[in-house]
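I have placed the structure first, in the form of structure tokens, so that the comments after it can refer back to it.
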Amino acid sequence: MTAGMGIWMLLVVLTVVALLVLATLGSVWIYRRLRGRQSDGTKVAGRDDEDAALRRLRERFAAGEIDEQEYESRLSALTHWR
């Protein structure tokens, strides 16, 4: 009789753990969707202008058109509202 109860207790614990894992994964998925990212890490459409601005900023910094201080300032302004 006690061995049977032990198996049921184990199944209950495993079920609760599985539900917690699913809830966590679902929360992460929802958070990423709301932040504008798909589950594979790529950006959702509508962020292309922002990506282009960041890409151009990096290009200008790499080309030496702007110094590090200006780069950091503009990067902060671009990513502030993300």
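The values are calculated or read from the model by the stated rules, or taken from the named source; none is laboratory data. Note that the coordinates shown come from a computational prediction; the quantities given were computed from them, not determined experimentally. For the accessible areas, the whole protein counts, side chains as well, though only heavy atoms, and no ligand, DNA or RNA atoms are used. Shrake-Rupley method; radii C 1.70, N 1.55, O 1.52, S 1.80 Å.
A few points about this structure:
Every residue, every condition in (1) open to solvent by 100 Å² or more (accessible area, probe 1.4 Å); (2) modelled with pLDDT of 85 or more, yes or no:
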| residue | (1), (2) |
| --- | --- |
| L14 | no, yes |
| L19 | yes, yes |
| G26 | no, yes |
| R33 | yes, no |
| R56 | yes, yes |
| A62 | no, yes |
| T79 | no, no |
| R82 | no, no |
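- Complete set of residues in the range 40-54 that are open to solvent by less than 70 Å² (accessible area, probe 1.4 Å) and modelled with pLDDT of 65 or more: E50, D51, A52, A53, L54
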